[in-house]
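Student: Take this structure, written in structure tokens, and hold onto it; I'll ask about it next.
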Amino acid sequence: MNEFQVLADLGQIPGKIYCGEGFSNFTVDQWRIFISIYATVVLWKYLEEVDRKILTYFVQICHLFVNRILETKSLYEIHKKIVDIVTLIEKKYGRNVITSNLYLSLHLSACLHDFGPLYAFWCFSFERMNEILGSLPNSHRQIEPELMRRLINDNKINEMIYTENNSKGLEILNTRQSVGSLSEIDQFGHDEMRRFWMYSRTIQELTISGKEPFPGEMLKPFSENIPLSADRILDLMIAYYNDTYENLKFRKPFETNSLNSIIIPLKINKYCRCRIGSEIFGSTFSPRHQKSSYILAKFASKDDSIDIYLGQIQFFFVHEIKQMCNVELWDTEFYPKS
């Protein structure tokens with residue numbers, strides 16, 4: 001597990017997990033990271049077939065549980081998978097191992113339906129806040145009142161900044177335009193972010209076709225007119241276009257087995273970075289930005305389930321296709337052969 005490269009914003013779990021010291025003192029957030037990222041890869045080869053199914057269902061449930069936005073139809077999927085887990089446990093290990101916690105888990109979907117996503121009222125934000133408060137400087141004697149005074153002072157300063165009261169000496173605290181990566185937040189709307197997020201949540205139901213606006217931009221450095229030298233990549237792109245645009249047909253240049261099809265160009269523009277909202281993703285195309293190239297990628301399995309694994313972005317590219325039309329001109333006059 002110490003060889004895993006995880007996203008920087010996910011945080012790390014304690015190194016003792018692979019040193020034989022167990023899972024003691026894990027926070028809720030660390031359990032979430034372990035189950036959603038490490039568990040399947042680390043435990044898979046040690047489990048039998050039934051246990052693998054139990055683990056797979058459990059990981060999928062956890063992915064749905066910890067979403068900040070939860071759709072109603074996902075509640076039925078969560079409840080069904082929990083029932084499958086309990087059934088598999090009872091079938092393999094007997095009814096005696098069905099504890100009260102397993103029984104209570106059958107009511108979690110109803111709990112989410114009544115109170116919203118678990119992220120809103122479980123311990124994630126509470127533990128994060130404790131970590132933030134613990135990092136603030138204090139005298140280690142009267143921590144609570146010192147932190148309270150700091151919060152009160154910060155609130156007073158914010159009130160002065162965001163009201164019309166002109167207080168002398170506070171000019172330096174006036175709101176300024178965001179710079180760097182923070183400025184991207186001002187340029188990106190909430191509706192665009194939600195639409196892009198919905199694409200990732202409904203990769204099975206929602207087909208992106210036609211011309212869709214891309215909520216972001218490609219960033220330099222980049223290379224223009226890079227040839228698609230690998231046939232495998234070219235075949236994948238043709239398969240992608242044919243699946244995405246069902247009413248059209250795409251093919252390689254110089255192929256004659258498919259008439260009335262669109263020929264895709266053999267060159268792309270490669271980019272090393274991509275901005276989506278306020279977040280910038282890197283790639284292995286630029287060694288300088290490899291640190292931000294690690295992502296969580298979703299894969300649709302044959303049984304219509306969605307699994308999430310760690311991945312690394314190789315590069316970003318822009319590929320433009322210009323649809324052309326072949327026209328034949330006919331004349332009504334005929335001439336004898338000569």
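Student: Using the structure shown, decide if Phe26 is surrounded by 12 or more Cβ atoms within 10 Å (Cβ to Cβ) and within 22 Å of Phe299 (Cβ to Cβ).
Tutor: no
Student: Among the residues of region 69-100 satisfying the criterion of being under 17 Å from Gly116 (Cα atoms) and part of a helix (DSSP H, G or I), which is modelled with the highest pLDDT?
Tutor: Step by step, filter region 69-100, then rank; the result is His79.
Student: Inside region 274-299, can you point out the residues that are over 19 Å from the mean Cα position of the chain (by Cα) and either under 19 Å from Ile37 (Cβ atoms) or surrounded by 15 or more Cβ atoms within 10 Å (Cβ to Cβ) (or both)?
Tutor: Of everything in region 274-299, those that are over 19 Å from the mean Cα position of the chain (by Cα) and either under 19 Å from Ile37 (Cβ atoms) or surrounded by 15 or more Cβ atoms within 10 Å (Cβ to Cβ) (or both) turn out to be Phe285, Ser286.
Student: Right, here's the next one. Which condition from (1) outside any strand (DSSP E or B); (2) at pLDDT 85 or above; (3) not aliphatic (A, V, I, L, M) is the one that Gln323 breaks?
Tutor: (2)
Student: Go over the candidates Glu127, Glu164 one by one and state the one that is modelled with pLDDT under 75 and within 30 Å of Arg32 (Cβ to Cβ).
Tutor: Being modelled with pLDDT under 75 and within 30 Å of Arg32 (Cβ to Cβ) holds for just one of Glu127, Glu164, which is Glu127.
Student: Residue under question is Tyr271, and the condition is that it be in contact (Cβ under 8 Å) with a residue 24 or more places away in the chain, surrounded by 16 or more Cβ atoms within 10 Å (Cβ to Cβ), farther than 19 Å from Glu224 by Cβ and in the same structural domain as Gly311 (by TED's automatic domain parsing); does it hold?
Tutor: No: the conditions fail for Tyr271.
Student: Also: Go through Tyr103, Tyr119 for me and flag whichever is modelled with pLDDT of 85 or more and of a type outside the set (S, T, N, Q).
Tutor: Residue meeting the stated conditions: Tyr103.
The values are calculated or read from the model by the stated rules, or taken from the named source; none is laboratory data. In this text, all values refer to a predicted model and were calculated from it rather than measured experimentally. FYI the Cβ positions are ideal-geometry reconstructions off the backbone, even for glycines, and counts take in every protein chain you see.
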